[in-house]
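The values are calculated or read from the model by the stated rules, or taken from the named source; none is laboratory data. On a predicted model such as this, the values are computed, not experimentally measured, just so you know. Cβ: placed from backbone, ideal geometry, glycine included. Neighbour counts: every protein chain shown. These area figures cover heavy atoms from the full protein model, side chains too; ligands, DNA and RNA do not enter into them. Shrake-Rupley method; radii C 1.70, N 1.55, O 1.52, S 1.80 Å.
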Amino acid sequence: MDTVNKINVFRGKKIRKIIFQNEWWFSITDVVGALTNSVDPRDYWFRMKDRVKIDEEIELSTLCRQLKLESVDGKMYLTDCANTESLFRIIQSIPSPKAEPFKMWLAKVGYERVQEIEDPELATKRTRALYK
């Protein structure tokens, strides 16, 4: 399995992310926590999936993949993750004014990925920096 774990900080909140099959995947509960200030982002995500299924007849779970990410206790756990495209869709379902800056942050990450596609040397440099 081709994976690289990394943590980003968004407005003081840690967002775990991982490269899986040459694509960035983000922890959905971390994103939900950053955008809602929920005391229990896992429960918020669970309830949001139910609400969207009823209101919009969309299964947000189908946009996700469970990947192992490091938890605060240092152990690796299966965590609901979404790639950038799916995360944009999920963020659309979060009624929060905090969503707009997060969309800008994701656009920056997406832009970096596009740069890596256009110039593979950037990806090599970024990978080398991870393992230093």
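Run the accessible area of the chain with a 1.4 Å probe and give the carbon-and-sulfur part as a rounded percent. Walk me through the numbers before you get to the answer.
Values: 4360 of 8370 Å².
Reported share for carbon and sulfur atoms: 52 percent.
Rolling a 1.4 Å probe across the protein heavy atoms gives the chain an accessible surface of 63 Å² per residue. Placing unit charges on the Cβ atoms of the charged side chains and taking the dipole of the chain about its Cα centre, the candidate lying farthest along the positive direction among 74, 32, 91 is 74. Using only the Cα atoms of the range 74-114, each taken as one equal point scatterer with no solvent, compute I(q) by the Debye sum, divide by I(0), and report log10 of the ratio at q = 0.20, 0.33 Å⁻¹. Taking Cα atoms of the range 74-114 as identical point scatterers yields -0.70, -1.13.
How big is the Rg/Rh ratio for the range 30-96, C-alpha atoms only, Rh by Kirkwood, two decimals? Could you put the intermediate results ahead of the total?
Numbers: Rg = 12.1 Å, Rh = 12.6 Å.
Using only Cα positions, Rg/Rh for the range 30-96 is 0.96.
Each residue of the chain gets 119 Å³ once the volume of the Cα convex hull is shared out per residue. Computed about the Cα centre, the dipole magnitude for the chain is approximately 540 debye when only Lys and Arg (+1) and Asp and Glu (-1) carry charge, each at its Cβ.
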